[in-house]
Amino acid sequence: GTASLRVLFQTLYASLGALADVSLLLLLIMFVYAVAGMELYGSLGQPGTTPPASELPSITRHANFYTLANTMLLLFRMLTGENWQEIMYDCIK
């Protein structure tokens, strides 16, 4: 009853430090890949570049490598498995 619930919450509280460490490590890795993605694919889909934006269906105004914020969101989207293969195909065109 109450004792087992208390033990469960104590265990959860004790593991918060490790959870924060793992979360910060994941954020750091995402940041490194975001900077690399901006450097490699930052001009992808921009006006006057090859291939034109009309040939890149997954690179939109919401999903692109133009800014750090958009790149981090795009990486999170790819990490969760949402349409990552189309983004990959557009990046290798």
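Numerical summary
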{"quantity": "Among residues of the stretch 77-93, those that are loosely packed, with under 10 Cβ neighbours inside 10 Å and under 11 Å from the mean Cα position of the chain (by Cα), counted", "calculated": "2"}
{"quantity": "Selection status of Phe9, open to solvent by 90 Å² or more (accessible area, probe 1.4 Å) and within 11 Å of the chain's Cα centre (by Cα)", "calculated": "no"}
{"quantity": "Among residues of the stretch 43-70, those that are under 17 Å from Glu86 (Cα atoms) and part of a loop (DSSP other than H, G, I, E, B), counted", "calculated": "14"}
{"quantity": "Residue pairs meeting the criteria (Cβ under 8 Å; at least 6 apart or on separate chains; first modelled with pLDDT of 95 or more and surrounded by 11 or more Cβ atoms within 10 Å (Cβ to Cβ), in the stretch 15-32; second part of a helix (DSSP H, G or I) and not hydroxyl-bearing (Ser, Thr, Tyr))", "calculated": "Met30/Met72; Met30/Leu75; Met30/Phe76; Met30/Leu79; Phe31/Met72"}
{"quantity": "So Arg61, is it of a type outside the set (Ser, Thr, Tyr), out of contact with any strand residue (DSSP E or B) (no Cβ under 6 Å at 6 or more places or on another chain) and surrounded by 13 or more Cβ atoms within 10 Å (Cβ to Cβ)", "calculated": "no"}
{"quantity": "Meets criteria (of a type in the set (Gly, Ala, Ser), in contact with an Asp or Glu (Cβ under 6 Å, 6 or more places away or on another chain) and closer than 29 Å to Tyr89 by Cα) for Ser58", "calculated": "yes"}
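Matching residues to (1) β-branched (Val, Ile, Thr); (2) under 16 Å from Glu39 (Cα atoms):
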{"site": "Ala53", "(1), (2)": "no, no"}
{"site": "Pro57", "(1), (2)": "no, no"}
{"site": "Thr60", "(1), (2)": "yes, no"}
{"site": "Asn64", "(1), (2)": "no, yes"}
{"site": "Thr71", "(1), (2)": "yes, yes"}
{"site": "Glu82", "(1), (2)": "no, no"}
{"site": "Glu86", "(1), (2)": "no, no"}
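The values are calculated or read from the model by the stated rules, or taken from the named source; none is laboratory data. What you are looking at is a predicted structure, and each value in this text was computed from that prediction instead of being measured. Methodologically, a virtual Cβ is constructed for each residue, glycine included, from the backbone with ideal geometry; neighbour enumeration extends over all protein chains shown. The accessibility values were calculated without ligands, DNA or RNA, using every heavy atom of the protein model including side chains. Shrake-Rupley method; radii C 1.70, N 1.55, O 1.52, S 1.80 Å.
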